[in-house]
Amino acid sequence: MLGGGSVGLYSARRLRKRLGRREAAIVVVDPRPYMTYAPFLPEVAAGSIQDRDVVAPHRRALKHVDTLQGKVTHINHGERTIEITPEEGDAYSITYDHLVVGLGSVARTLPIPGLAEQGIGFKNVEEAVALRNHILNRINLASSTWDPELRRRMLTFTFVGGGFAGIEALAETEDMARAAAKNLPGVSQDDIRFVMIEGTDRILPELTLEMANYALAEMKKRGIEFHLSTFLSSCVDGHVVTSTGVEFDSETIVWTAGVKANPVLGTSDLPLDKMGRLMVLPTLQVADEDGNVVEGAWGAGDCAAVPDLYNPGKFCPPNAQHAIREAKVLADNLFQSLKSGPVTEYKHKNLGTVASLGLHKGVAILFGSIKLKGFPAWVMHRAYHVSAMPTMSRKIRITTNWFGTYFLRREVVSLGSIHDPRAEFRAVSTPAKPKEAPAEAAKTTPMAPTETNNTEAASKS
Ligand SMILES: Cc1cc2nc3c(=O)[nH]c(=O)nc-3n(C[C@H](O)[C@H](O)[C@H](O)COP(=O)(O)OP(=O)(O)OC[C@H]3O[C@@H](n4cnc5c(N)ncnc54)[C@H](O)[C@@H]3O)c2cc1C
């Protein structure tokens, strides 16, 4: 199993249940020792959920499955070999009989001047925690800063990309920032500026236009600034320039403008489509352009082009709802193929779409027709995602934390220095004096007596 995310974790668990330990060894390869439930990342950034609670540790969640911590850096399916590069130590190869590819996606970026230096992604838990600490830190610093330009720059938060991840991240962190500023006399609500830059003429393409416009209007009421049909042209040193000529300074630029299939697939001999996604049949078997099955190779999730049988000619969107369901069908089909049984096609009608727009605010469409707005949509968002979160212990922890927040108010403390924990120790440490070899020292300062010479001279006299 390449990748221990939604696809890797759920398919490994299901396959393990169906195959005895003597029948097969299952190995999950991932650079992280845990699976991240990404739909909860906006709530991690807002502090409504603890970071550790949105990850499921592989060792606990994957009983009787082996895990290898390292990055897959090359796939040679012809020779049934993958190369793994651990964080430390040399790369090594392992062989296999059957391959499940669940390598997910990476942020789709553009060569925009300043983006690599100034931007932060929003794909993993580390980024969500860093963003939270950064935003709270800016607010705290701004409250003791008199320079108006610097304050404006610190308190301007820019998000690029108005899909699900971008809108939820923006809405949740804006809500948190306003709550944090309430306790700070030095920062007023009017000082805080949240900006969304979106290339198309609408946000949340996963929702109907009516519901997306509702979300847009609600966020505008809160003072969030939207620049639709606009692209980010440059952000060198935090100076944002858009395609429509708008310019402003912002110390925070969050890039949420879409994803692309994991680029490591490009190093493999597996068939990929024009967008770099693994080509698979509805049975989740990897297949070439002509539909011929590549024996022993399976794929699903964000890294695969899975045909959407409810929308012929289209592919399933890259989301957790599909990835988790695909994983189960994939595991069943892999089991069937080992037993020479029949395989089934993945066919899943979208259950609905739920989005959180901050604490107690949301928007949702269920079963294609039930529309929810505000508090009921937010409750539905939480209920759906907590049910999808793997492991019972995580479900309990998340729910308990929510109740805690409800009664004890939102936590707005920033542990900004966690990102450089050695800074304080470095500042108080005395650097060791460089050691000079005696011969070398004598050569460079012939007239200066060395410590040894001095002692010798003293004892002689
Ligand atoms: C902020 C955010 C919010 C989202 N909100 C929603 C939502 O509300 N609803 C929804 O349905 N979906 C949502 N999604 C999308 C959803 O999380 C993904 O579609 C889903 O996780 C895809 O599952 P996957 O198994 O394909 O990939 P992932 O779950 O991302 O798993 C990929 C795994 O591969 C590992 N990996 C990466 N590179 C390598 C390598 N070289 N070698 C080995 N392992 C590797 C990664 O560490 C990871 O564990 C959201 C995503 C984000 C980022």
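No lab work stands behind these numbers, since they all come straight from the coordinates. This one's a predicted model, so the numbers in the text were calculated from it and none came from an experiment. We place every Cβ from the backbone using ideal geometry, glycine too, and count neighbours over all the protein chains shown.
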Once both label points are put 7 Å beyond Cα along the C-beta direction, the K314-T391 separation in nm becomes 3.5
Between E295 and E210, the two model label points (7 Å from Cα along the beta-carbon direction) sit apart by a distance in nm of 5.4
In Å³ per residue, the alpha-carbon convex hull of the chain encloses 242
FRET efficiency for F375 and N183 from the Cβ-Cβ distance with R0 = 25 Å, rounded to 0.05, comes out at 0.55
When the charge dipole of region 96-251 is computed with +1 on Lys and Arg Cβ and -1 on Asp and Glu Cβ about the Cα centre, the Cα farthest towards its positive end, among L99, W146, F164, belongs to W146
Quick calc of log₁₀ I(q)/I(0), region 227-380, Debye, one scatterer on every Cα, no solvent, q values 0.17 1/Å, result -1.04
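Determine the dipole magnitude for region 319-385: charges of +1 sit on the beta-carbon of Lys and Arg, -1 on that of Asp and Glu, nothing else is charged, the reference point is the Cα centre, and the result goes in debye to the nearest 20.
Working: 9 positive and 3 negative charges, 54 e Å.
I would put it at about 260 debye.
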The set of residues whose placed amide H lies less than 5 Å from the amide H of L357, leaving out same-chain residues fewer than 5 positions away, is G362, V363
Under the Karplus relation with 6.51, -1.76 and 1.60 and θ = phi - 60°, whole-Hz ³J(HN,Hα) for region 360-368, x at Gly and Pro, equal 6, 10, x, 8, 8, 10, 10, 6, x
Percent antiparallel among DSSP beta bridges confined to the chain, rounded to 5, stands at 60
For K373, the lysines lying under 24 Å Cα to Cα, once residues fewer than eight places off in the same chain are dropped, come out as K220, K221, K349, K361
Cα-based Debye curve of region 72-175 sampled at q = 0.15, 0.18, 0.21 Å⁻¹ gives log₁₀ I(q)/I(0) of -0.84, -1.00, -1.16
Computed from the beta carbon distance with a Förster radius of 45 Å, FRET efficiency for K339 and F425 to the nearest 0.05 stands at 0.15
Any lysines whose Cα falls less than 16 Å from that of K123, other than same-chain ones fewer than 8 residues away, would be K260
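Indicate, rounded to the nearest 5 percent, the antiparallel portion of the DSSP beta bridges found entirely in region 164-274. Could you put the intermediate results ahead of the total?
Working: 5 of 8 bridges.
Around 60 percent of the beta bridges assigned by DSSP in region 164-274 are antiparallel ones.
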By the Kirkwood definition, with r running over pairs of different Cα atoms, region 286-362 has a hydrodynamic radius in Å of 14.2
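Report, please, the projected area of region 215-301 averaged over directions, based on the convex hull of its C-alpha atoms, in nm². If you can, show how the numbers build up before the last one.
On the way: hull surface 37.9 nm².
Mean orientational projected area (region 215-301, Cα hull): 9.5 nm².
Once the Cβ-Cβ distance between R60 and I94 is put in as r, and R0 is 22 Å, what FRET efficiency do you end up with, to the nearest 0.05? Show your work: numbers first, answer last.
Numbers: r = 23 Å, r/R0 = 1.06.
Result of the calculation: an efficiency of 0.40.
Kindly state, as a whole number, the per residue volume in cubic angstrom of the convex hull around the alpha carbon atoms of region 146-283.
Working: hull volume 21.9 nm³, N = 138.
For region 146-283, the hull spanned by Cα atoms encloses 159 Å³ per residue.
Under the rule a/c < 1.5 gives rounded, and otherwise a/b versus b/c splits prolate from oblate, where does region 335-431 land using the Cα gyration tensor? Present the calculation step by step, with values, prior to reporting the outcome.
On the way: a/c = 2.99, a/b = 1.50, b/c = 2.00.
Oblate is the answer for region 335-431, as a/c is 1.5 or above yet b/c matches or exceeds a/b.
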Computed for the chain: size of charge dipole around the Cα centre, +1 on C-beta of each Lys and Arg, -1 on C-beta of each Asp and Glu, debye to nearest 20, value 1860
The lysines whose Cα lies under 22 Å from the Cα of K63, excluding any fewer than 8 residues away in the same chain, are K17, K71, K328, K395
Given unit charges at Cβ for Lys, Arg (+) and Asp, Glu (-), the dipole magnitude of region 77-120 about its Cα centre in debye, nearest 20, is 300
Per 5 angstrom bin, beginning at 0 and ending with the bin that holds the maximum distance, the Cα pairs of region 1-140 fall in percents of 2, 9, 16, 17, 17, 15, 11, 7, 4, 2, 1, 0
